[in-house]
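Heads up, the thing below is written out as structure tokens.
What follows is calculated from the coordinates using simple rules that are stated; it is not laboratory data. Worth saying up front: this structure is predicted, and the values here are computed from it rather than measured. Glycine gets a Cβ as well: all are built from the backbone with ideal geometry, and neighbour counts include every protein chain shown.
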Amino acid sequence: MIALAESTDEVVTFRVGGQWFGVPVIAVQEVISHQATAPVPLARSCVAGLLNLRGQIVTAIDMHDRMEIPAAASESLMDVVVFDGGELFALVVDEVGDVVAVPPHTLERLPASLDCLWARICTGVVRMDNGLLALIDAARLLDESSTRP
Amino acid sequence: MDDLLKDFLAESAENIAQLDHDLVELERDPSNASLLNSIFRAIHTIKGTCGFLGLARLEHVSHTAESVLDQLRSGVLAGEPEVISDILRAVDLIKVILAELESHRVEPVGDDSLLIALLEQWLMPIGEQRAATTEFAVRSAIAGESAASLSPSHADQPPQIHSSLRVNIALLDSLMNLAGELVLNRNQLLEMASKDEDSALATPVQQLNRITAELQSAIMKTRMQPVGSAWGKLPRIVRDIARDTGKKIELDMKGASTEMDRQLVQALQDPLTHMVRNSADHGIESVAVRRSQGKPVTGKIVLNAYHEGGHVIVEIRDDGKGIDVAEVRRTAIERGIVSREHADTMSDCQALRLIFEPGFSTATEVTHISGRGVGMDVVRSNIERVGGAVDIASAPGAGCTVRIRLPLTLAIISSLIVRANGEIFAFPQASVLELIRLAPDAMSTFDTLQNVRLFRLRDDLVPVVDLADELRLAGCAADEIRTLVVCQAGSARFGIIVDEVVDSQEIVVKPIGRLTRSVRCYAGCTILGDGRVVMIIDPAALAIRSGTETAGLAQVATEKPVTPAAKQDSLLLFGIGDDAVQAVPLSLVARLEEIPAERIESTGGSMVVQYRGSLLPVVAAGPAVTFTSGRTNSVIVFNEGSSSFGIAVNDIRDIVDEVLNLQLIAVRPGVLGTAIIGGAATEVLDVSYYMNRARDGMLS
């Protein structure tokens, strides 16, 4: 997946709280407005629930919880549906931005001081006009072992 | 037999088509080894199956062709056009015979000696090959022959077009999913149309309704397989056992064409083989014994499959000696499966079911045929895994009957839709035994034993949990009439309290994702008619989670006096988060390690640490153990035989010497019980539980 993220030029950008993230466009199936989810009692805290996407079961991930970014009250939520490891996940985010090209040479290493959780999920950062864009590796983001119970 | 032949013909047709192509290719490129291998394999497959089906003529021809190919493969022969033409001749003959087989179901009579002779020439040592003076004569004779005897006798008949296709299972699965989506859409439309009876939509929606239902059932049928395909091997197995043991056994198979979902047919295969083996090996008596008892000398095993009320029933009946219930009771007590008192109070029927318990095997001696440690408990768990049930009945001296009940399909199950604290859940109906209405004041009348609520169900005490509590659902239930769902979980019964049963309906089971699978109380999820996603509760898993399953054992355990350990043990105390401390006897511990949280890696849902050049499976000692990057976790390493595993804890607190006296028997897994250690009540860790968890993690 790392290689993929580096060789793929385009990422779908989305905002969680005040931070913009990018996920390789190849991992994204579609972007939809936020759907009602059915709660899964006892599941990990980042699991917002399950949603029904045209008959397919999709695990919704609360990106605020996952990236440990406090949630603001009134956000218009969007779902970025990604395909990873044979399953569909919906990343529940605040806003979806453009698909932007990220040529490999613009990709910068993660700062060493970066929070451990982020360091484990992100593959690199890109300087944009309106701040930094953190690139996310979908497989690492959705790895069960790194999520809080 | 007919099915086998059909399969063989379908398979061979594919092989032959490929063969023609490959052989021509080979003529152009005689040194292509992979091509040769593929040709060899194709002929070899045909030969192998022919022998099995008793098609002598086909077998002889393919065998000879195979021998020639083998010579080519090993380089003894060069791939000259003459050799290839002769092999092509053999392939042609195979085709003719196959065509005859297809239309007449029997191998045609004919004399292939000329072709065989022609092929065999290539098998002679190099010098003699060309010396064969008869070669030309043989060739010309074959040319004449082939016109006469090799051509199909019904040349004017159009070639049969195959009436079946091989389809990828994934395609069938996706069709099934699409049909599921269609059903949801139809349900929405039906709801809209029902609001306005005069709507122009009413008629087309009704049509859509009907067509959707038909489509769904047709797609379901594409996944159906006759149950007989799971028992094709059985006649051979029975025959071999009969020969080895000198018994006379007749196997009678009825209802082989009964259809069910292919996954279920697969799930049935091993248990069925096991049980038929049991019947033949242990059930049916020897000829002498049968004669002395006035029974017919030939023992009979009857397999019978049929549909019954939306289920498939498969029965295995034998007229052997039956099962000795007293022996079953004795063994079960010996192996510690039940207490003597409990065994005595059981009816014969209940006692007989003890053979399905893990660790039970009635065979007193291990023969090479049965008794390899996988007993009826494996049979039961295999059947239960696919939502089925198995029961056994036996009459001493007259034989024994095992009855397996399976759902028609795995994908669709009957379910009860229940409500708990406003949330909706589904229960598989197969595991629900009964529903009991609880009066508003019933909650206070439950007996409790070590924090487990018990419900007095007729003569039994059934442990009870509240679904809302177990799932930690927010809000509290109104104190009103509630419902107790009594479930079967493994061999025990237990009750789950819900607010009410809303509905009962057929649901399509969908798997849940990897982030929710670890919760282990759901059997999957489903989408209801209104598009809502609902979790399906797995009662057996819930019982284990809540600890009510071990509560049953705890009851047995309290009957035995707990022998106080006279000597002091060194105990290791450690923190497992949330200020909780547990203890483990130091004598069981191999080593203590401090491992940075980052080095504890996760593979396939279980944790491992790279440790001394190999992978050490690690299990957290409870949900509150935290793994914070940049900090270390203490890992207690245990040895088990040649393998090791670790239990991750938050920190090591102390080592104390104390008389270990378990005061309370555990009511949840992972804990042996509670003991007073250093003046405080401390839970004692159950090492064997974590060992199994670690091992399961490595296997899964």
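What is the sum of charges, Lys and Arg at +1 and Asp and Glu at -1, for the other residues whose Cβ falls under 14 Å from the Cβ of B:Thr222?
Residues near B:Thr222 contribute 0 overall.
Mind listing which trypsin sites (Lys or Arg not before Pro) in segment B:441-472 are in a DSSP loop and have 16 or fewer other Cβ atoms within 10 Å?
Those satisfying the criteria are B:Arg458, B:Arg472.
Report, please, the projected area of segment B:263-343 averaged over directions, based on the convex hull of its C-alpha atoms, in nm².
Convex hull of Cα atoms, orientation-averaged projection: 8.1 nm².
Can you give the three extents of the C-alpha atoms in segment A:99-141 along their principal axes, from longest to shortest, in whole Å?
Cα extents, longest axis first: 25, 23, 18 Å.
Per DSSP H run of at least 4 residues, take -39500 (n - 2.57); add these up for chain A, divide by its residues and hand me the 222 nm value, nearest 500 deg cm²/dmol.
That comes out to -2500 deg cm²/dmol.
Please list, ordered by chain and number, the residues whose modelled amide H lies under 5 Å from the amide H of A:Thr123; skip anything fewer than 5 residues away on the same chain.
A:Leu135, A:Ile136, A:Asp137
Provide the per-residue ³J(HN,Hα) series for segment B:506-523, in order, calculated from phi with Karplus coefficients 6.51, -1.76, 1.60 and θ = phi - 60°, each as a whole number of Hz, with x at glycine and proline positions.
7, 10, 8, 7, 10, x, 9, x, 5, 6, 9, 5, 5, 5, 6, 10, 10, 8
Give the calculated FRET efficiency between B:Asn168 and B:Asp657 to the nearest 0.05, with a Förster radius of 56 Å applied to their Cβ-Cβ distance.
Efficiency, from the Cβ-Cβ distance: 0.30.
How tilted is helix B:202-222 with respect to the longest principal axis of chain B? Cα atoms for both, answer in degrees (0 to 90, nearest 10).
Roughly 70 degrees, rounded to the nearest 10.
Expected output is a single nm value to one decimal: the length gained when fully extending between B:Val109 and B:Val386, i.e. 0.36 nm times separation in residues minus the C-alpha distance. What is it?
Extending this stretch completely gives an extra 95.0 nm.
Which entries in B:Lys195/B:Lys510; B:Lys221/B:Lys510; B:Lys195/B:Lys221 show an alpha-carbon gap greater than 25 Å?
Pairs exceeding 25 Å: B:Lys195/B:Lys510; B:Lys195/B:Lys221.
For segment B:172-230, what is the largest minus smallest coordinate of the Cα atoms on each principal axis, given in angstrom and ordered from greatest to least?
Here the spans come out as 52, 17, 12 Å, largest first.
If you average the alpha carbon positions of segment B:493-542 and of segment B:624-685, how far apart do those two centres end up, in angstrom?
Centre-to-centre (Cα) distance: 33 Å.
Which FRET efficiency value, to the nearest 0.05, do you get for B:Leu615 and B:Gln188 by plugging their Cβ-Cβ distance into 1/(1 + (r/R0)^6) with R0 = 51 Å?
Once rounded, the FRET efficiency stands at 0.55.
Label points 7 Å out from Cα along the Cβ direction at B:Ser199 and B:Ala680: separation in nm?
6.5 nm
Mind checking the angle between helix B:687-699 and chain B's longest principal axis? C-alpha axes, 0 to 90 degrees, to the nearest 10.
Orientation of helix B:687-699: about 30 degrees from the principal axis.
Going by Cα centres, segment B:420-455 and segment B:15-88 are how many Å apart?
Rounded to whole Å, the Cα centres lie 68 Å apart.
So what does the Cα-only Debye profile of segment A:66-115 read at q = 0.14, 0.17, 0.22 Å⁻¹, as log10 I(q)/I(0), no solvent term?
Log-scaled intensity ratios, in q order: -0.63, -0.90, -1.12.
Could you compute how fast segment B:374-434 diffuses translationally, taking Rh as the Kirkwood radius over C-alpha pairs and applying Stokes-Einstein at 10 °C with viscosity 1.306 mPa s? Give it in µm² per second.
Here the translational diffusion coefficient equals 114 µm²/s.
Report the calculated FRET efficiency for B:Arg243 and B:Ala288 (r = Cβ-Cβ distance, R0 = 22 Å), to the nearest 0.05.
Efficiency computed from Cβ-Cβ geometry: 0.85.
Which semi-axes, in whole Å and largest first, does the equivalent ellipsoid of the protein assembly as shown have when worked out from the alpha carbon gyration tensor as the square roots of 5 times its eigenvalues?
55, 41, 32
Here are some pairs, B:Lys248/B:Lys321; B:Lys233/B:Lys295; B:Lys247/B:Lys295; B:Lys6/B:Lys233; B:Lys95/B:Lys254; which of them have Cα atoms lying more than 24 Å apart in this structure?
B:Lys233/B:Lys295; B:Lys95/B:Lys254
Given H placed on each backbone N at 1.01 Å, which residues far from B:Gly322 in sequence or on other chains put an amide H within less than 5 Å of it?
Long-range HN contacts for B:Gly322: B:Gly397, B:Gly399, B:Cys400.
Distance between the C-alpha centers of segment B:173-234 and segment A:80-141? Whole Å please.
41 Å
Would you pull out the residues with amide H under 5 Å of B:Tyr522's amide H, same chain only if 5 or more places away, H placed 1.01 Å from N?
B:Asp538
Give the value in nm², to one decimal: projected area of the alpha carbon convex hull of segment B:499-538, averaged over all directions.
Over every viewing direction, the Cα hull of segment B:499-538 projects on average to 3.4 nm².
Give me the net charge of A:Val99's neighbourhood, meaning all other residues with Cβ under 15 Å from the Cβ of A:Val99; Lys, Arg count +1, Asp, Glu -1.
Combined, the nearby Lys, Arg, Asp and Glu give -4.
Using only the Cα atoms of segment B:585-695, construct the convex hull and provide its projected area averaged over every direction, in square nanometres to one decimal.
Seen from a random direction, the Cα hull of segment B:585-695 projects 7.5 nm² on average.
Can you tell me the orientation of helix B:135-145 relative to chain B, as the angle in degrees between its alpha-carbon axis and the longest Cα principal axis, to the nearest 10?
80 degrees
Based solely on its DSSP helices, what 222 nm [θ] is calculated for chain B when runs of n ≥ 4 H residues each add -39,500 (n - 2.57) and the sum is averaged over all residues, nearest 500 deg cm²/dmol?
The helix-only estimate for chain B comes to -12500 deg cm²/dmol at 222 nm.
Given labels modelled 7 Å from the Cα in the Cβ direction, how far is it in nm from B:Asn32 to B:Gln71?
Going by the 7 Å Cα→Cβ label model, 2.3 nm.
Hey, quick one: spin label on B:Arg520, modelled 7 Å out along Cα-Cβ, who in segment B:615-658 has an amide N within reach, i.e. under 11 Å?
Residues B:620, B:622-623 fall inside that zone.
Along each of its three principal axes, how wide is the spread of alpha-carbon positions in chain B, in whole angstrom units, largest first?
Computed over chain B, the largest-to-smallest principal extents equal 105, 79, 72 Å.
Rounded to two decimals, what is Rg over Rh for segment B:216-294 when you use alpha-carbon atoms and the Kirkwood radius?
1.14
Counting other Cβ atoms within 10 Å, keep those with at most 15, restrict to DSSP loop, and tell me which GluC sites (Glu not before Pro) in segment A:43-97 are left.
Here the sparse-neighbourhood loop sites are A:Glu68.
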